[in-house]
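Below you'll find the structure, written out as structure tokens, and then a few comments.
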Amino acid sequence: MSFEAKSQNELLAELRRLEGVVQDQETLRRELERYKDLFCFAADAILMGDHDGNIIEANHSAALLTGYAHEELLGMNISRLFAADVQVRTPLRYDLLKVGQVVHNERVLTRKDGTTAHISMNSKMMSDGSYHTFIQDISERIQAEKALKDREAALSSILRAAPIGIGVTHNRRIGWASETLLKMLGYSADEVVGRNARILYLDDQEYARVGEKKYRDIAEQKIGVVETRWKRKDGQILDILLSSTPVDPCDISQGVTFTALDITERKATEEKQREIAQMKSEFIATASHELRTPLAVALGYLELLLNDGNFSPLEQREFLAIILEKAQVLERLVDELLDVSRIESGRMIRLEREPVRIAETVDMVIRQFHKESSKHHFSCEVRDKDIELFIDREKIVQVLENLVGNAVKFSPLGGRIVVQGEVAGDCYRLSVRDEGIGMTAHQKEKIFEKFYRVDNSNTAVRGLGIGLFLTKNIIEAHRGEIWVESRLGEGATFFFTLPLGAPPQDDPGA
Ligand code: ADP
């Protein structure tokens, strides 16, 4: 149809259509303009490539990120931006792009100057068959994550290495516990986390006391330090120095961080030192008393003899015998004290060994006690009477006198005292049994320590608390052993062994 032949309406419609086309083109031009702006000025690097990965367009950010000029990027294959090992680890997935998937991954990009950047990539195939790839530089985020990880690793290694347990509580409920703390307590994390800290304390009062002191200290000086005792899972008791401070100093509801230092050993040492100091001062008092008594008696008789000439020769002999006996007591005490100081300075007790018929020696000691103590009934049940031991006779007599003497002293009401002896394996075993006051398990552990006396206030029972210490050292110098079996109120039996046969060549006591 010719232009002239068209009706006016048709002409109008045509005009409108043409106007529409012009407008559509204008819209398209503006859209393109906007798209170009977005492409050019996008903060993300954008690369467009063909199906072989050759770059057909790149924006300003891509040039900035890669260090290549825009012209250099054009025609370059995208694979050149990635080192070979990176491509092996995170290959470019054209296979997925071809089937229309959006592919996201993170990898390391190598710039023109050889430096690297961590990037995040999103790629997609467009409707015209080209590939668009949007790239973000995530180096800072990766660095921050790495720094965080490094800090966490350093912190956890500090926590592992620290000899101190660390934990966090919320309202006294355990929220977190360090490995050291768990090890200290013998619990696993699952067994304590989420539970009330009460499980660690010996009783409700202690739990309440620690809580009150801790929170009062925190309120006053932001840190609460308190000494307490905790119970391990296996029941063992630990002395603990607890320091607590709020996670957020302005808001206690955020929880409290605490450190727990196991001071059990320190406390035990302190306690031991206190005990030794007390035993020493008690020892000085007892020693003075022990030395003064025989000295006073001897001095009394000496004065009598000097100032009064009216005593018969028989009486004078009697007095002199008493003075001699007291002097011998003093000599013995001093000898014992010298022995203790020798042992203390690390010197071994020297033995003068000789072949000794042990049965005869025991018999002799028992007879002597029998004469002195009428309250007690002594019996001597020594077998293997012909056995000879290579021992220091005098020292073994000292041991027997100490053990039988103690049996007498600590059976104040009398009773049977039985000394037994027989061969037992490769040694000769002797025992001294009494029916006296006996001792507790704790006392049994202590009696062989120097200066230890169960009841030092009891001056009626004489002694310096060194007899058993010396006895043990004498037996050990003979390479024997000594131990006690006893219960409070049920008497005591001391056992000791002496090896049979000649002493070894390297015998330190020989
Ligand atoms: P002491 O000179 O004080 O007797 P020892 O070292 O011989 O010193 O004994 C230490 C302590 O051991 C005594 O003070 C006493 O408390 C206890 N002990 C020793 N032997 C006996 C025993 N047979 N029965 C009960 N307690 C004993």
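Hey, what number do you get for the chain at 222 nm if only DSSP H runs of n ≥ 4 count, each worth -39500 (n - 2.57), divided across all residues, to the nearest 500?
Result for the chain: -15000 deg cm²/dmol, rounded to the nearest 500.
Cross-link list Lys183/Lys231; Lys146/Lys183; Lys112/Lys149; Lys326/Lys371; Lys375/Lys446: which exceed 22 angstrom alpha carbon to alpha carbon?
Violating the 22 Å Cα-Cα cut-off are Lys146/Lys183; Lys112/Lys149; Lys375/Lys446.
For the chain, take the longest principal axis of its alpha carbons; what is the angle in degrees between that and the long axis of helix 393-409, to the nearest 10 within 0 to 90?
Taking Cα atoms only, the helix is inclined about 90 degrees.
What does the chain give for Rg and for Dmax, in Å, if only its C-alpha atoms count?
48.4, 183
Just to verify a number: FRET efficiency for Ile164 and Glu401, C-beta to C-beta distance, R0 = 56 Å, to 0.05?
Result of the calculation: an efficiency of 0.60.
Give me the extension gain from Asn171 to Thr116: residue separation times 0.36 nm, minus the current Cα-Cα distance, reported in nm with one decimal. Walk me through the numbers before you get to the answer.
On the way: separation 55, 0.36 × 55 = 19.80 nm, distance 4.90 nm.
Full extension from Asn171 to Thr116 adds 14.9 nm.
Leaving ligands, DNA and RNA out of it, rank Cys427, Cys40, Cys250 by accessible area with a 1.4 Å probe, largest first.
If we order Cys427, Cys40, Cys250 from most to least accessible, we get Cys250, Cys40, Cys427.
Heavy atoms of the protein only, probe of 1.4 Å, neighbouring chains included. What is the accessible area of His118 in Å², nearest 10?
Only protein atoms counted, so the area is about 70 Å².
If each residue of separation counts as 0.36 nm, what is the full-extension length gain between Val22 and Val225 once their alpha-carbon separation is subtracted?
64.6 nm
Out of the total accessible area of the chain (probe 1.4 Å, heavy atoms of protein only), what percent is carbon and sulfur?
Numbers: 16510 of 30500 Å².
C and S atoms contribute 54 percent here.
Between Glu331 and Ser379, what is the label-to-label distance in nm when each label sits 7 Å out along the Cα-to-Cβ direction?
Distance between the two pseudo-spin positions: 3.7 nm.
Quote the Stokes-Einstein diffusion coefficient, in whole µm² s⁻¹, for the stretch 14-63, based on the Kirkwood radius over alpha carbon pairs, a temperature of 4 °C and a viscosity of 1.567 mPa s. Show your work: numbers first, answer last.
Numbers: Rh = 12.9 Å.
Reported coefficient: 101 µm²/s.
On the full set of protein chains, 1.4 Å probe, figure out the accessible area of Trp176 and give it in Å² to the nearest 10.
Trp176 has an accessible surface of roughly 100 Å² with all protein chains in place.
Using a 1.4 angstrom probe and counting only protein chains, how large is the accessible area of Asp95 in Å², to 10?
Roughly 80 Å² of Asp95 is accessible to a 1.4 Å probe.
When the Cα atoms of the stretch 87-132 are enclosed in a convex hull and the volume is divided per residue, what value in Å³ results?
Expressed per residue, the convex hull around the Cα atoms of the stretch 87-132 is 80 Å³.
Rg and Dmax of the stretch 177-281 over Cα atoms: what are they, in angstrom?
15.7, 52
Rank these by accessible area, largest first, 1.4 Å probe: Asp251, Asp335.
Working: Asp251 50, Asp335 80 Å².
Greatest to least solvent exposure: Asp335, Asp251.
Can you give the Rg and Dmax of the stretch 130-231 based on its C-alpha atoms, in angstrom?
When restricted to the Cα atoms of the stretch 130-231, Rg and Dmax are 20.7, 77 Å.
For the stretch 238-297, what are the per-bin percents of Cα-Cα distances with bins 10 Å wide, up to the bin holding the maximum?
With 10 Å bins starting at 0, P(r) equals 19, 21, 18, 15, 11, 8, 5, 2.
What whole-number distance in Å separates the alpha-carbon centres of the stretch 1-80 and the stretch 212-275?
72 Å
The values are calculated or read from the model by the stated rules, or taken from the named source; none is laboratory data. If you're wondering where the values come from, they're calculated on a predicted model, not measured in any experiment. Cβ: placed from backbone, ideal geometry, glycine included. Neighbour counts: every protein chain shown. Keep in mind that these areas ignore ligands, DNA and RNA; they rest on the heavy atoms of the full protein, side chains included. Shrake-Rupley method; radii C 1.70, N 1.55, O 1.52, S 1.80 Å.
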